[in-house]
1. Considering each residue of the range 59-74, count those that are open to solvent by less than 90 Å² (accessible area, probe 1.4 Å) and polar (S, T, N, Q), and give that number.
2. Can you confirm whether T38 is surrounded by fewer than 14 Cβ atoms within 10 Å (Cβ to Cβ) and either in contact (Cβ under 8 Å) with a residue 24 or more places away in the chain or assigned to a strand (DSSP E or B) (or both)?
3. When the residues of the range 1-32 are narrowed to those that are modelled with pLDDT of 95 or more and polar (S, T, N, Q), which ends up farthest from D73 (Cα to Cα)?
4. Output the residues belonging to the range 41-58 that are touching a residue at least 12 places away in the same chain (Cβ under 8 Å), open to solvent by 100 Å² or more (accessible area, probe 1.4 Å) and of a type in the set (A, V, I, L, M).
Amino acid sequence: MKKVFLLVAVVAAFSFVSCKKDRTCTCTRTVATSAGSTSSTSIITYNKTLKKDARLFCLSTTETDNGVTTTEDCELK
């Protein structure tokens, strides 16, 4: 009985541990003006990071200033 309890306790402990590993955020940035638009892609790596923390850094944004709209679509992989 003690062995079963110990095994269950160990499995439960591992289920609460989060996994820190390298996370990759891929962002596509598009700048649109009345003359047209351009796009570029960047890849950012967060080393030894929890997934929930990496999600906070890997954000999509949209900004408009003087008729220029900049959109950044990011995806955590």
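The values are calculated or read from the model by the stated rules, or taken from the named source; none is laboratory data. Nothing here was measured: the structure is a model prediction, and the numbers come from that model. So basically every Cβ, Gly included, is an ideal-geometry build from the backbone, and we count neighbours across all protein chains shown. Just the protein is used for accessible areas: all its heavy atoms, side chains included, with ligands, DNA and RNA removed. Shrake-Rupley method; radii C 1.70, N 1.55, O 1.52, S 1.80 Å.
1. 5
2. Criteria met by T38.
3. Ranking the candidates gives T24 first.
4. I43
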